[in-house]
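**Q** Here it is: the structure, laid out below.
The values are calculated or read from the model by the stated rules, or taken from the named source; none is laboratory data. No experiment lies behind these values; they were computed from the predicted model shown. Quick reminder, even Gly has a Cβ in these numbers, built from the backbone with ideal geometry, and neighbours come from all protein chains shown. Keep in mind that these areas ignore ligands, DNA and RNA; they rest on the heavy atoms of the full protein, side chains included. Shrake-Rupley method; radii C 1.70, N 1.55, O 1.52, S 1.80 Å.
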Amino acid sequence: MKNISKHYPWIVVALLWFVALLNYMDRQMLSTMQFAMKVDITELNKAESFGALMAVFLWIYGFVSPFAGIIADQISRKKLIIGSLFVWSAVTFLMGFANTFSQLYWLRAFMGVSEALYIPSALSLIADWHGEKTRSLAIGIHMTGIYVGQATGGFGAYIADHLSWHLTFHWFGIIGILYAIVLILCLKDYPKPNQTSKISPQKRMKTGEVFQGLKAVLSTWAFWIILIYFASPGIPGWAVKNWLPTLFSENLQIPMSSAGPISTTTIAIFSFLGVIIGGILSDKWVQRNIKGRIYTSAIGVTFTIPALLLMGLGHGLINDICAGAMFGIGFGMFDANNMPILCQVIPSRYRATAYGFMNMVGVFSGAMITQVLGKLTDRGNLGEGFAVLTIIVFIALILLLTCLHPTIDEVK
């Protein structure tokens with residue numbers, strides 16, 4: 001620590017920002033390139049089949065997430081992040097060679113395994129490098145990489161139209177593989193208390209550290225409140241990621257090559273604003289009121305309720321852009337504060353484990369809603385499905401405000 005620059009915590013955020021971009025760009029491209037891929041893979045002509053393809057990623061991603069968190073609390077998070085990036089980038093490259101639905105399905109499932117290893121490691125690493133004065137802002141800036149990746153993935157259809165969907169997968173896979181080399185040279189782990197021990201990680205796992213972590217997390221009642229709260233707004237979050245391009249295309253009666261960039265760029269730009277606003281507000285508010293992070297997150301989630309109603313029931317370009325803008329700002333404020341709120345109830349050495357469980361529940365909810373919306377799309381009821389999600393969000397908001405009462409900003 002003595003030889004590390006005081007600016008290095010922000011260098012960590014910058015390095016991981018681009019990984020977050022690749023993480024979401026590689027998974028998002030499929031949702032906007034489906035029309036180009038339908039020509040070669042006929043099974044994708046059915047929305048329910050496309051929903052199954054998107055959902056298998058989420059089910060695998062969710063199942064692996066708790067294990068990813070446990071592993072991240074036991075071994076080098078740097079190695080885990082680099083390995084994850086390399087593998088999912090290689091899978092993205094290989095998807096360009098797929099010529100059957102079955103091949104796409106299994107590659108998408110394997111991508112779920114590799115990408116699940118990233119988020120618990122990255123967020124817990126950033127949370128360790130940043131204290132209460134910068135934690136929400138640092139997490140928020142990292143999350144902007146996700147939004148930019150989501151927006152960049154939205155241009156997959158445009159690139160596929162001008163090159164091919166095969167080359168699109170190839171080139172983005174190569175970029176990720178090359179960036180893994182950059183991380184090998186530049187990324188550093190944050191020394192944990194248990195890393196100063198002479199006992200190896202394997203020995204610590206044998207002596208019950210894993211079970212101690214699970215017990216510490218699952219026996220904390222406040223964690224269960226956070227778990228439910230995290231998952232509930234995440235349901236419309238996944239709906240927007242996977243189905244908003246389709247909804248925009250139907251509402252505006254425009255091709256997916258135009259709807260994809262409009263929808264994902266709108267969400268990305270305003271989510272970017274949301275995490276910056278939410279990060280700065282939360283870091284300042286928590287120094288005056290310990291529930292400042294909770295209140296900031298609640299304000300953001302409140303914004304998503306009218307946004308979902310506008311998305312589902314409104315029509316027209318102005319309506320859709322306003323809905324996307326409101327949802328982006330609100331979800332950004334929510335995203336920037338999940339890990340900082342978790343830090344108020346879970347010690348540093350178990351945060352990746354805790355976030356892994358949060359990811360699992362959130363993603364399983366996302367997989368469920370992805371498949372449900374696929375069926376609704378085939379029936380012509382996608383908009384109504386978006387509107388109904390406001391009920392879930394409202395219940396989660398009430399739960400957070402009435403049941404979570406932290407006493408300190410960081411549990412040691």
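**Q** To the nearest 0.05, what FRET efficiency results for ASN381 and ASN45 with a Förster distance of 22 Å applied to their C-beta separation?
**A** 0.70
**Q** Oh, and also: Counting pairs of alpha carbon atoms under 8 Å apart in space and at least six apart in sequence, what relative contact order in percent does the stretch 1-125 give?
**A** 33
**Q** Order the following by accessible area, largest value first: PHE110, PHE331, PHE211. Probe radius 1.4 Å; ligands, DNA and RNA are ignored.
**A** Values: PHE110 110, PHE331 20, PHE211 150 Å².
The ordering from most to least exposed comes out as PHE211, PHE110, PHE331.
**Q** Could you give the spread of the C-alpha atoms of the chain along their three principal axes, from largest to smallest, in whole angstroms?
**A** 58, 44, 35
**Q** When only C-alpha pairs under 8 Å and at least 6 residues apart count, what is the relative contact order of the stretch 269-412, in percent?
**A** In percent, rounded to a whole number, it is 35.
**Q** When the helix-only estimate is applied to the chain (DSSP H runs of n ≥ 4, each -39,500 (n - 2.57), divided by the residue count), what is the mean residue ellipticity at 222 nm, nearest 500 deg cm²/dmol?
**A** Rounded to the nearest 500, the figure is -27500 deg cm²/dmol.
**Q** Can you list the HN-Hα couplings for the stretch 355-363, worked out from phi with the Karplus curve (6.51, -1.76, 1.60; θ = phi - 60°), rounded to whole Hz and with x for Gly and Pro?
**A** After applying 6.51 cos²θ - 1.76 cosθ + 1.60, I find 5, x, 5, 4, 4, 4, 5, x, 6 Hz.
**Q** In the stretch 273-316, what is the volume of the convex hull around the alpha carbon atoms, normalised per residue and reported in Å³?
**A** That works out to 56 Å³ per residue.
**Q** Using the Karplus curve 6.51 cos²θ - 1.76 cosθ + 1.60 with θ = phi - 60°, work out ³J(HN,Hα) for each residue of the stretch 392-401 in order, rounded to whole Hz, and write x for Gly and Pro.
**A** 4, 5, 5, 5, 5, 4, 5, 4, 4, 5
**Q** Which cross-chain or sequence-distant (5 or more) residues have an amide H under 5 Å from the amide H of VAL345, H modelled 1.01 Å from N in plane?
**A** Amide H to amide H, under 5 Å and 5 or more residues apart or across chains, VAL345 pairs with VAL411.
**Q** Counting only other residues whose beta carbon sits under 15 Å from that of ILE225, what net charge do I get with K and R as +1, D and E as -1?
**A** Details: positive: LYS291, ARG293; negative: none.
Spelling it out: positives minus negatives among the neighbours equals +2.
**Q** Here is a follow-up. With a Förster radius of 45 Å, plug the Cβ-Cβ distance of THR100 and ILE280 into 1/(1 + (r/R0)^6) and report the FRET value to the nearest 0.05.
**A** Working: r = 48 Å, r/R0 = 1.08.
Here the calculated transfer efficiency is 0.40.
**Q** Suppose the chain between LYS412 and MET368 were pulled fully straight at 0.36 nm per residue; how much longer would it get relative to their current alpha carbon spacing? Could you put the intermediate results ahead of the total?
**A** Values: separation 44, 0.36 × 44 = 15.84 nm, distance 3.55 nm.
Here the answer is 12.3 nm.
**Q** Report the extension gain between HIS315 and CYS186 in nm, rounded to one decimal, defined as 0.36 nm multiplied by the number of residues separating them, less their alpha carbon distance. Please report the intermediate quantities before stating the final value.
**A** Values: separation 129, 0.36 × 129 = 46.44 nm, distance 4.75 nm.
Difference between extended and current length: 41.7 nm.
**Q** Using θ = phi - 60° and the Karplus curve 6.51 cos²θ - 1.76 cosθ + 1.60, what whole-Hz ³J(HN,Hα) does each residue of the stretch 229-235 get, with Gly and Pro shown as x?
**A** 5, 4, 5, 5, x, x, 4
**Q** Given the stretch 1-136, report the % of alpha carbon pairs whose separation exceeds 18 Å.
**A** 59
**Q** Another one. Pairs LYS188/LYS412; LYS6/LYS291; LYS78/LYS133; LYS79/LYS241; LYS6/LYS133: which exceed 18 Å Cα-Cα?
**A** Numbers: LYS188/LYS412 21 Å; LYS6/LYS291 28 Å; LYS78/LYS133 24 Å; LYS79/LYS241 28 Å; LYS6/LYS133 14 Å.
Check vs 18 Å cut-off fails for LYS188/LYS412; LYS6/LYS291; LYS78/LYS133; LYS79/LYS241.
**Q** Still on this structure, please answer the following. For TYR8 paired with LYS79, estimate the spin-label separation in nm (one decimal), with each label point 7 Å from Cα along the Cα-to-Cβ line.
**A** Label at TYR8, label at LYS79, 1.9 nm between them.
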